[in-house]
Amino acid sequence: MMIRKATSSLARHLSMAHGINQVRRFLHGGYVRIHPSVQEALVEGRPVVALESTIITHGMAYPLNLSVAREVEGIVRTNGAVPATVGILRGQIHVGLTDEELEFLASSKNAVKVSRRDFPFVLSQGLSGGTTVSGTMIAAHKAGIPVFVSGGIGGVHRDGENTLDVSADLTELGRTPVAVVAAGAKSILDIGRTLEYLETQGVCVAAFGESREFPAFFSRQSGFQAPYHVRDEEEAAKLIDSALGLGLSTGVLIAVPCPQERAAEGQAIEEAIQQALSQARSKGITGKEVTPFLLQKLIELTDGKSLDSNLALIQNNARVGSCIAVALSKLQKARRKRNLPGPGDKRAPQPVVIGGINVDFIAKAQNPDILVLYP
Ligand code: PSU
Ligand code: MN
């Protein structure tokens, strides 16, 4: 009885202030600053889209990177969500950047590329950095943002079975419950092994649209099928809602193909990739420098054609991702309404039992949606 009472009061508290709670817990560490517009949206349960910043610090040159970052934020707003670009400024993780902060990162010459393993050093030394898919997922999850838009994810590099160069993005997708909306993985990578690795990590991968073909960033085709496909934003939102609702704690990858008219298919791009790869090898480029090096070389070798596809797919991902975030927020709102007591509701909350074990008190503050169930 005591337990039930406590659960019920906790539930009521969380129902009103689940967003505030998450934000507060996060802020207390002092490692993180959430932009007021993002904080407000989270508290009010409005859709937010996290955006990465390695593409700003290591993917494109200044000032193009700045105008693209601003444009992408604009697309998110136009589609009804609040943009939260994640970056690290002088040792503090920022979720949502002011325009000055965006400019600072975009023009910074010594920003670090930050994945999971880089946080402790960068924060403790007061450095600034752009977050990769891995780094951005961590920040988004801590802030309570379930949808994150990126260009492409890292993967298993070609020859990765020998070098063990496997992007931390893949293990992050296996351990952090955030949905990443991206144009798949570039064919600078070994896409077959990347998909195998995602399966091992338990990541639900779905191609977006009519085809199940896993997109290869610039190209709509990779020659590999994703295990699933979702036809539209609503189906994608339902899939993400199921992953979160079940508390799987693994991420989801929604792979959106580059718009047809601006995709770069076939032989020309493959030749450029081969050339970029062989230059990386002969220059002895390794570790975290590999991906930025290859991206830069591709822009040069394709005379900017790869850059144009890159811009088109980022804009498209931002639009699709925002629509997914909006649809997801509607689903979650509807479920909260169904599950939590309204005025005068006399039904007693039932403890959550999974596999015969009462799990009311285990980590459910993270997920108010499954804190209390009503028969
Ligand atoms: N792939 C791209 N564009 C990018 C990246 C990857 O087509 O900008 C960036 C992303 O931030 C991704 C990171 O998370 O590179 C992966 O780096 P690595 O391969 O070193 O894990
Ligand atoms: Mn790597």
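Okay, here's what the table says:
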| item | result |
| --- | --- |
| Selected from Ile191, Gln274, Ala140, residue furthest toward positive end of dipole (region 130-276; charges at beta carbon) | Ala140 |
| Region 198-283: chymotrypsin sites (Phe, Trp or Tyr not before Pro) falling in loop per DSSP and having at most 13 other Cβ within 10 Å | none |
| Region 51-141 - charge dipole about Cα centre, Lys and Arg +1 at Cβ, Asp and Glu -1, debye rounded to 20 | 300 debye |
| Simple Cβ-charge dipole of region 126-184, Lys/Arg +1 and Asp/Glu -1, about Cα centre, in debye nearest 20 | 260 debye |
| Sites matching GluC sites (Glu not before Pro) across region 163-223 that sit in DSSP coil, with at most 11 neighbouring C-beta atoms within 10 Å | Glu210 |
| Peptide ranges 292-300, 159-167 listed from the most packed, as the mean C-beta count within 10 angstrom indicates | 292-300, 159-167 |
| Placed amide H near Val112: partners under 5 Å, 5+ positions off or other chain | Ser128, Gly129, Gly130 |
| Electrostatic dipole magnitude of region 155-209 [Cβ: Lys, Arg +1; Asp, Glu -1; Cα centre; debye, to 20] | 160 debye |
| Cα point-scatterer Debye curve for region 132-194, base-10 log of I(q)/I(0) at q = 0.12, 0.26, 0.28 Å⁻¹ | -0.29, -1.06, -1.16 |
| Two-decimal ratio, region 205-350, of alpha-carbon radius of gyration to 2.2 N^0.38 Å | 1.42 |
| Alpha-carbon Debye profile of region 80-129, log10 I(q)/I(0) at 0.22, 0.31 Å⁻¹ | -0.75, -1.23 |
| Percent of Cα pairs exceeding the 17 Å cut-off, where the set is region 39-122 | 46 percent |
| Selection of chymotrypsin sites (Phe, Trp or Tyr not before Pro), region 53-158, meeting DSSP coil and at most 14 other Cβ within 10 Å | none |
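Values in this text are rule-based calculations from the coordinates and carry no lab data. The model shown is predicted, which means the values in this text are computed figures rather than measured ones. Cβ sites come from the backbone with ideal geometry, for glycine too, and all protein chains shown count toward neighbours.
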